[in-house]
Amino acid sequence: MNTKYLGAAFFLGLILFGMLIVLLFFTATVQTGNVGVVTNFGKITGKVLDSGWHIVGPVDHVTEISIRTITTQSEATCFSSDLQAVHITLAVQTFITKDTATNIYQNYGTEYMSQAAPKIMDALKAETAKYEAAQIIANRDKIRSEALKAAQQRLEGFVQVADLSIVNVAFSDDYEHAIEAKQVAQQRAEQAKYELQQAQVEADKKVATAKGEAEAIQIKGDALAKNPAVIELELINKWDGKAPDSLVSNGSSGATSIILPLQHK
């Protein structure tokens with residue numbers, strides 16, 4: 001009886017040992033968001049495993065590669081069409097697919113972005129070079145859009161470029177100072193233009209006033225020439241009720257004569 005139980009226990013132990021051997025040497029687990037590239041003695045088998053638990057050969061080796069979208073940020077010094085240095089901070093979203101994982105691993109290993117990043121930067125630099133430095137900020141979104149299309153074409157069949165963003169744009173200190181000086185000069189020019197306009201307005205007012213006074217004098221002169229009695233009306237209108245110190249009157253011939261100051265007793 002005891003021999004029977006010992007035989008069963010031994011057999012069960014062999015099964016458990018065999019399962020342990022299988023678990024240790026004939027299975028592989030691929031984490032979520034990754035795929036597993038299978039190699040055999042360093043040679044690519046062409047087999048790619050999805051995430052999960054898999055049974056593999058005793059000499060198979062599984063290398064996991066992420067197929068998640070990853071974001072990398074880098075700095076690039078570009079040049080505008082007028083040869084100004086433009087410092088751009090670029091954020092790029094990339095991913096690879098299961099279909100391209102084997103080829104990428106075989107040719108570039110797991111550090112494939114070190115090969116992809118320069119091509120993306122070249123696409124950005126080519127678009128930046130189409131604009132003058134002063135136009136880059138205003139055309140920032142267009143540059144981003146065109147650089148994205150160019151990068152996708154350059155990396156077709158390799159890395160998928162989901163999106164890219166121009167995080168920051170900066171110019172050299174000399175160019176920044178030149179921009180500031182230009183803005184100050186423009187502000188001064190606008191101020192001078194405003195002051196000139198104000199001076200012209202004031203001059204126009206003075207001309208209008210002088211013209212009005214001259215016309216008034218002309219009208220009065222014409223009135224006196226036609227009717228000398230007008231001056232008497234002016235004297236009456238301006239008389240303050242006191243005896244005058246002098247009198248002005250018309251002679252018999254119509255000519256105006258002045259009588260010397262009156263003596264008051």
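The values are calculated or read from the model by the stated rules, or taken from the named source; none is laboratory data. Predicted model, so just to flag it, every value in this text is computed and none were measured. Positions of Cβ are generated from backbone atoms using ideal geometry, with glycine treated the same way; all protein chains shown enter the neighbour counts.
Data table
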quantity	calculated
Residue within region 60-77 that is closer than 25 Å to ASP163 by Cα, among the charged types (D, E, K, R), loosely packed, with under 15 Cβ neighbours inside 10 Å and modelled with pLDDT of 90 or more present	yes
Strands (runs of 3 or more DSSP E) wholly inside region 47-142 containing at least 2 residues that are more than 15 Å from VAL169 (Cβ to Cβ), more than 25 Å from the chain's Cα centre (by Cα) and touching a residue at least 12 places away in the same chain (Cβ under 8 Å)	52-55, 60-66
Residue list for region 180-219, filter: among the polar types (S, T, N, Q) and either assigned by TED's automatic domain parsing to the domain that holds ALA134 or at pLDDT below 70 (or both)	GLN183, GLN186, GLN187, GLN191
